[in-house]
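Q: There's a structure below that I have some questions on.
Coordinate-derived values only; no laboratory data. Given the structure is predicted, the values throughout are model-derived calculations rather than measurements. Here the Cβ is made from the backbone with ideal geometry for all residues, glycine too, and neighbour counts use every protein chain on show.
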Amino acid sequence: MKNIAIKYGLVGSVVMMLGVMLPFWIYGEDMELGAGEVYGYASMILSLTAIYFGIKQYKTELEGVLSFKQAFIFGTFVNFIAALAFGIFSYVLYAWLMPDFLQTYLDHSIAMVKTNNSLSAEEMEAELAYINNGKDLWLSPAFGGLLMFGTVFPIGLVMTLISSFALKTK
């Protein structure tokens, strides 16, 4: 069980890593960050289908008999491996491979708030104060890695629930 979970967790995380890096390799500095977010979330969802395939292989190993609880526990383990590996990758990415990215993203977020015509002056000021008060945290590679773990894990739990319902036999 453990080897299957590790295998599918790592496969999911590698697909996620490639999905996040692909736009940077294709577009380089000219990449639109908003489009990159959409692409990143899409790659997270796609890569977490590894949870389904991992549960399916585990079910085969159990000769086709799998309860919802067994599937959910196994899928959560696959999800944890994928989210942890992606969180570590994100830390390495922000700390060493793309050390300016967090500042670029923060500047982009500030610009988005300033150009949002639906905000009142007070709301805009509050948003900018919120961003500036947390600036040190937002620029921390460790926080970035933790945030990515915290983003992937809940998405993976949804995939685990869906897969567990779809593949349970008891």
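Q: Grab segment 2-167 and count how many Lys pairs have their alpha-carbon atoms under 30 Å apart, sequence gap of 8 or more, or different chains.
A: Eligible lysine pairs with Cα atoms under 30 Å apart amount to 9.
Q: As a footprinting exposure proxy, order Ser67, Ser13 by other Cβ within 10 Å, with the fewest listed first.
A: Ser67, Ser13
Q: Under a Cβ-only charge scheme (Lys and Arg +1, Asp and Glu -1), can you give me the dipole magnitude of segment 83-165 about the Cα centre, in debye to the nearest 20?
A: For this selection, approximately 320 debye.
Q: Return the distance in nm (one decimal) between the two label points of a simple spin-label model at Leu119 and Ala95, each offset 7 Å from Cα along Cα→Cβ.
A: That separation, rounded to one decimal, is 3.1 nm.
Q: What is the list of residues in segment 141-160 whose amide nitrogen lies under 20 Å from a point 7 angstrom out from the Cα of Ala42, following Cα to Cβ?
A: 152, 155-156, 159, by backbone N distance to the label point.
Q: Still on this structure, please answer the following. Treat the count of other C-beta atoms within 10 Å as a stand-in for reagent exposure and order Val113, Val92 from fewest to most.
A: Ranking Val113, Val92 by Cβ neighbours within 10 Å, fewest first, gives Val92, Val113.
Q: Sticking with this structure for a sec: Using the Cα centre of segment 2-167 as origin and beta-carbon charges of +1 (Lys, Arg) and -1 (Asp, Glu), tell me which of Leu62, Tyr52, Ala166 is placed farthest towards the positive end of the dipole.
A: Final value for the positive-end residue is Leu62.
Q: Calculate how steeply helix 101-114 sits against the longest principal axis of the alpha-carbon atoms of the chain, using the helix alpha-carbon long axis, and give the answer as 0 to 90 degrees to the nearest 10.
A: Rounded to the nearest ten degrees, it is 60.
Q: Relative to the longest principal Cα axis of the chain, at what angle does helix 141-167 sit, 0 to 90 degrees, rounded to 10?
A: 40 degrees
Q: Toward the positive end of the charge dipole of the chain, about the Cα centre and with charges on Cβ (Lys, Arg +1; Asp, Glu -1), which of Met1, Ala83, Leu93 goes farthest?
A: Projecting each Cα onto the dipole axis, the largest value belongs to Met1.
Q: Using the Cα atoms of the chain, I'd like the radius of gyration and the largest Cα-Cα distance, Dmax, both in angstrom.
A: 18.9, 63
Q: Something else now. Given Cβ point charges of +1 (Lys, Arg) and -1 (Asp, Glu) and nothing else, what value in debye, to the nearest 20, does the dipole of the chain about its Cα centre take?
A: 1260 debye
Q: On a 0 to 90 degree scale, rounded to 10, what angle separates helix 49-61 from the longest Cα axis of the chain?
A: Roughly 10 degrees between the two axes.
Q: For segment 31-70 and segment 116-160, what is the centre-to-centre distance using only Cα atoms, to the nearest Å?
A: 24 Å
Q: Then there is this: Please compute the net charge surrounding Leu66, taking Lys and Arg as +1 and Asp and Glu as -1 over other residues with Cβ under 14 Å from its Cβ.
A: +3
Q: Per DSSP H run of at least 4 residues, take -39500 (n - 2.57); add these up for the chain, divide by its residues and hand me the 222 nm value, nearest 500 deg cm²/dmol.
A: Mean residue ellipticity, 222 nm, calculated: -27000 deg cm²/dmol.
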